[in-house]
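J.: My questions will all concern the structure given below.
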Amino acid sequence: KRSAMFSKLSREITVAAKMGTPDPDMNPRLRLAVNNAKAQSMPKDNIQRAIDKASANEGDDYEEVRYEGYGPGGVALIVEALTDNRNRTATNVRTAFSKNGGNLGASGAVSHGFERLGLIEYPASAGDEEKVLEAAIEAGAADVESGEDGHSIWTGMESLHEVASALEQALGEAESVKLAWK
């Protein structure tokens, strides 16, 4: 399981490095991928190898694809995938939708109802609702949702790194920092 997770993280790092510069400080998507890999205890040499692979233009050429559709009961779904074969991925996604009572829509069919934001998640043990809300406001976050299972802090896509860094100083290390659809 760990090997499969490292492979997935490595692919994400390679794709992010190919899309922008291979420097995590200058490429926000790569920085996010590297931070996610570190959070899963991926060794530094594996991370560096994935970045070097992108710089040397080695390995499979993965591309990012997005599918939109409706699930059972008319629930809007967005599926993002990394693939080296668009046709195989489209068939697999279409099959998953139809087997479970949904249908695949055209591009843009449901994305108009979603917004791309940064999501920072903390466990409930990070602090009470008031403490997390105060820290999030000081860090410049847009919205905070707290519940029994933890705290979700939403922020703008471009300010994700700055808000996450400020929250890390106030609340400790986050459970996850990622881009998400809301």
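The values are calculated or read from the model by the stated rules, or taken from the named source; none is laboratory data. Everything numeric here is computed off the predicted structure, so don't read it as measured data. Note that each Cβ is placed from the backbone with ideal geometry, even for glycine, and that neighbours are counted across all protein chains shown. What goes into the accessible areas is simple: the full protein's heavy atoms, side chains included, and nothing from ligands, DNA or RNA. Shrake-Rupley method; radii C 1.70, N 1.55, O 1.52, S 1.80 Å.
J.: Being open to solvent by less than 30 Å² (accessible area, probe 1.4 Å) and under 25 Å from R11 (Cα atoms) narrows it down to one of T89, T95, so name that one.
T.: One residue alone meets the criteria, T89.
J.: Can you tell me how many residues in region 54-66 are modelled with pLDDT under 90 and surrounded by 14 or more Cβ atoms within 10 Å (Cβ to Cβ)? Working first, answer last.
T.: Of the residues in region 54-66, the ones modelled with pLDDT under 90 are 54-64.
From the residues that got through so far, the ones that are surrounded by 14 or more Cβ atoms within 10 Å (Cβ to Cβ) too are 54, 59, 62-63.
Of the residues in region 54-66, 4 are modelled with pLDDT under 90 and surrounded by 14 or more Cβ atoms within 10 Å (Cβ to Cβ).
J.: Can you tell which of G118, G69 is surrounded by 14 or more Cβ atoms within 10 Å (Cβ to Cβ), of a type in the set (G, A, S), assigned to a strand (DSSP E or B) and more than 16 Å from the chain's Cα centre (by Cα)? Walk me through it before giving the result.
T.: Numbers: G118 fails: more than 16 Å from the chain's Cα centre (by Cα).
When all the criteria are applied, what remains is G69.
J.: Next question. Is there any pair linking a residue in region 92-121 that is within 30 Å of G150 (Cα to Cα) and in contact (Cβ under 8 Å) with a residue 12 or more places away in the chain to one that is in a helix (DSSP H, G or I) and open to solvent by 50 Å² or more (accessible area, probe 1.4 Å), with Cβ under 8 Å and at least six apart or on different chains, and which?
T.: Cβ pairs passing all conditions: N100/P72; R116/M157; L117/M157; G118/M157.
J.: Kindly establish whether S165 is polar (S, T, N, Q), within 29 Å of V15 (Cβ to Cβ), modelled with pLDDT under 90 and part of a helix (DSSP H, G or I).
T.: On the way: polar (S, T, N, Q): yes; within 29 Å of V15 (Cβ to Cβ): yes; modelled with pLDDT under 90: yes; part of a helix (DSSP H, G or I): yes.
When the stated conditions are applied, S165 passes them.
J.: So, one more: Mind listing whichever residues of region 10-27 are open to solvent by 20 Å² or more (accessible area, probe 1.4 Å), more than 16 Å from S176 (Cβ to Cβ) and in contact (Cβ under 8 Å) with a residue 60 or more places away in the chain? Full working, then the answer.
T.: Step one: list which residues in region 10-27 are open to solvent by 20 Å² or more (accessible area, probe 1.4 Å), which gives 10-12, 18-26.
Checking the rest, the ones that are also more than 16 Å from S176 (Cβ to Cβ) come to 10-11, 18-26.
Result: R11, single match.
J.: Answer yes or no: is there a residue in region 142-150 that is open to solvent by less than 30 Å² (accessible area, probe 1.4 Å), of a type outside the set (F, W, Y) and in contact (Cβ under 8 Å) with a residue 40 or more places away in the chain. Before you say what the answer is, go through the steps one by one.
T.: Residues of region 142-150 that are open to solvent by less than 30 Å² (accessible area, probe 1.4 Å), as a first pass: 150.
Filter once more, so that each one left must be of a type outside the set (F, W, Y): 150.
From what's left, in contact (Cβ under 8 Å) with a residue 40 or more places away in the chain: none.
For region 142-150, residues open to solvent by less than 30 Å² (accessible area, probe 1.4 Å), of a type outside the set (F, W, Y) and in contact (Cβ under 8 Å) with a residue 40 or more places away in the chain: absent.
J.: Kindly indicate which of I51, I47 is surrounded by 13 or more Cβ atoms within 10 Å (Cβ to Cβ), touching a residue at least 24 places away in the same chain (Cβ under 8 Å) and in contact with a Pro (Cβ under 8 Å, 6 or more places away or on another chain). Working first, answer last.
T.: Numbers: I47 fails: in contact with a Pro (Cβ under 8 Å, 6 or more places away or on another chain).
Exactly one residue qualifies, and that residue is I51.
J.: Exactly one condition in (1) closer than 27 Å to E175 by Cα; (2) touching a helix residue (DSSP H, G or I) at 6+ places or on another chain (Cβ under 6 Å) is not met by A54; state its number.
T.: In the conditions (1) closer than 27 Å to E175 by Cα; (2) touching a helix residue (DSSP H, G or I) at 6+ places or on another chain (Cβ under 6 Å), A54 misses (1) alone.
J.: Touching a residue at least 60 places away in the same chain (Cβ under 8 Å), at negative phi and not in a strand (DSSP E or B): does that describe L82?
T.: Details: touching a residue at least 60 places away in the same chain (Cβ under 8 Å): yes; at negative phi: yes; not in a strand (DSSP E or B): no.
No: the conditions fail for L82.
J.: Of everything in region 121-137, what is in a helix (DSSP H, G or I) and either surrounded by fewer than 13 Cβ atoms within 10 Å (Cβ to Cβ) or of a type in the set (S, T, N, Q) (or both)? Give them in sequence order.
T.: Let us first name the residues in region 121-137 that are in a helix (DSSP H, G or I), namely 124-126, 129-137.
Within region 121-137, S125, E130, I137 meet the criteria.
J.: For A141, only one of the following conditions fails: (1) within 24 Å of A16 (Cα to Cα); (2) touching a Phe, Trp or Tyr at 6+ places or on another chain (Cβ under 7 Å); (3) part of a loop (DSSP other than H, G, I, E, B). What is its number?
T.: So A141 meets the others, but not (1).
J.: Quick one: in region 144-162, which of the residues that are aliphatic (A, V, I, L, M) and part of a helix (DSSP H, G or I) is nearest to V65 (Cα to Cα)? Spell out how you get there, then give the answer.
T.: Keep residues of region 144-162 that are aliphatic (A, V, I, L, M), which gives 144, 153, 157, 160.
Right, trim to part of a helix (DSSP H, G or I) and you get 157, 160.
Numbers: M157: 19, L160: 23 Å.
Checking each candidate, the answer is M157.
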